[in-house]
Amino acid sequence: MSESIVSIQNLVKRYSAFTAVNGADLEVRRGEVFGLLGPNGAGKTTTLECLEGMRRADAGHIRIAGCDPFREASVLRKKLGVQLQSSSLPEYILVGEALELTEAWSSGSAPEGLIEEFGLQDLMKKQYRQLSTGQKRRLNLALALVKNPEVVVLDEPTAGLDVQSRALLHDKIRKIRAQGVTVLLATHDMAEAEDLCDRIAILLNGKIAVCGTPEEVTAAGNQETRIRLRTARGSLLPGSDLSGAAFVREKDGYLEWKCRDLVLTITELFRQISDREDSVDDLRVERPSLEERFLELVKGA
Ligand SMILES: Nc1ncnc2c1ncn2[C@@H]1O[C@H](COP(=O)(O)OP(=O)(O)OP(=O)(O)O)[C@@H](O)[C@H]1O
């Protein structure tokens, strides 16, 4: 198992009398894409802002890339790339100027090919306000990478993007990971978390409710796998009992069951079909989704 590059222990952050983060614990491993999920107001942005050194925690212990984000802010600045939820770039700044300014702040020059990689070469003379949402996101991600960071923190990097721009940004994030950079992102997009993230954590009411790979988090829920099956001769009857599976319905020529042990149920189904000298015409299996698990957790919180 690789070492932790981000470690949060018992983080507490209050806004006056309101406790936004209430004892969160989190470990992010070097080189992974880690997703922080949670309903609106769960405390994701606050947690990321404490990590970035933008807010001072009221209690708890944070280490990121070997630094205390508040006490060693200047050291951390060289190791951390940040894309905020709402970009704070001035409306009239040119793309080229934004890159130059970021280079100056980071006392270095952008990695070779960064501008081309993010398709910014034709936008250099455009004002920030003239960019589309997708172009703004690409620029902001590129700016976060100017200083060759060890860790990149992205707050909802693909919110509001169309499918193509989202896929493009996912591709960029995968490339960042392939270069050994750790990516920590907050997202509301369950498909993004499933496709892109090596591990995820779900934050509920200021605490981490679950953490693991998307598969582990999903599998730990109470949701069942759905099986839909059509046979050539229709020899199975609606309502047919199967060990460990509950019959759900008949629809469009398919019989549907819910089960927990997929292998057991499929084996039993195939045995019954073979006994009836019938054959499988079509079989569809729907595993529980992360979204279902998320909703289950939010409901129970
Ligand atoms: N500057 C602030 N002053 C007072 N309360 C705040 C401040 N920032 C956030 N909060 C409150 O803290 C809680 C957590 O907010 P935060 O933005 O961290 O949640 P989030 O999980 O990122 O939400 P979202 O998904 O909507 O972006 C919310 O109830 C919010 O209203």
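Just one of (1) more than 16 Å from the ligand (Cβ to nearest atom); (2) more than 24 Å from LEU26 (Cα to Cα); (3) assigned to a loop (DSSP other than H, G, I, E, B) trips up PRO149, so point out which.
The one condition PRO149 does not meet is (2).
Looking at region 264-293, which of its residues are closer than 30 Å to ASP189 by Cα, open to solvent by 80 Å² or more (accessible area, probe 1.4 Å) and without any contact (Cβ under 8 Å) to a residue 60 or more places away in the chain?
ARG284
Out of SER235, SER243, I need the residue that is among the small types (Gly, Ala, Ser) and without any contact (Cβ under 8 Å) to a residue 40 or more places away in the chain. Which one?
Numbers: SER235 fails: without any contact (Cβ under 8 Å) to a residue 40 or more places away in the chain.
SER243 is the lone residue from the list that is among the small types (Gly, Ala, Ser) and without any contact (Cβ under 8 Å) to a residue 40 or more places away in the chain.
Just for strands (runs of 3 or more DSSP E) wholly inside region 1-74: which have at least 1 residues that are basic (Lys, Arg) and either open to solvent by less than 50 Å² (accessible area, probe 1.4 Å) or within 18 Å of ILE202 (Cα to Cα) (or both)?
4-15, 18-29
For region 184-227, enumerate the residues that are under 15 Å from ALA24 (Cβ atoms) and assigned to a loop (DSSP other than H, G, I, E, B).
ASN205, GLY206
If a residue has to be among the β-branched types (Val, Ile, Thr) and more than 6 Å from the ligand (Cβ to nearest atom) to count, how many in region 29-51 make the cut?
2
Of the residues LEU168, LEU161, LEU143, which single one is closer than 22 Å to ALA193 by Cα, under 25 Å from the mean Cα position of the chain (by Cα) and assigned to a helix (DSSP H, G or I)? Don't jump to the end; show me each part of the working.
Working: LEU161 fails: assigned to a helix (DSSP H, G or I); LEU143 fails: closer than 22 Å to ALA193 by Cα.
Matching residue, one of LEU168, LEU161, LEU143: LEU168.
When only residues in region 62-99 that are at negative phi and small (Gly, Ala, Ser) count, which is farthest from the ligand (Cβ to nearest atom)?
This residue is GLY96.
For every residue, the table says whether it meets (1) modelled with pLDDT of 95 or more; (2) away from the ligand (no atom under 16 Å from the Cβ); (3) of a type in the set (Asp, Glu); (4) on the phi > 0 side of the Ramachandran plot.
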site: GLY134; (1), (2), (3), (4): no, yes, no, no
site: ASP155; (1), (2), (3), (4): no, no, yes, no
site: ALA159; (1), (2), (3), (4): no, no, no, no
site: VAL163; (1), (2), (3), (4): no, yes, no, no
site: VAL183; (1), (2), (3), (4): yes, yes, no, no
site: THR225; (1), (2), (3), (4): no, yes, no, no
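The values are calculated or read from the model by the stated rules, or taken from the named source; none is laboratory data. Since this is a predicted model, take the numbers as computed values, not measurements. Positions of Cβ are backbone-derived with ideal geometry, glycine not excepted, and every protein chain shown enters the neighbour counts. SASA here: full protein model, heavy atoms, side chains in, ligands and nucleic acids out. Shrake-Rupley method; radii C 1.70, N 1.55, O 1.52, S 1.80 Å.
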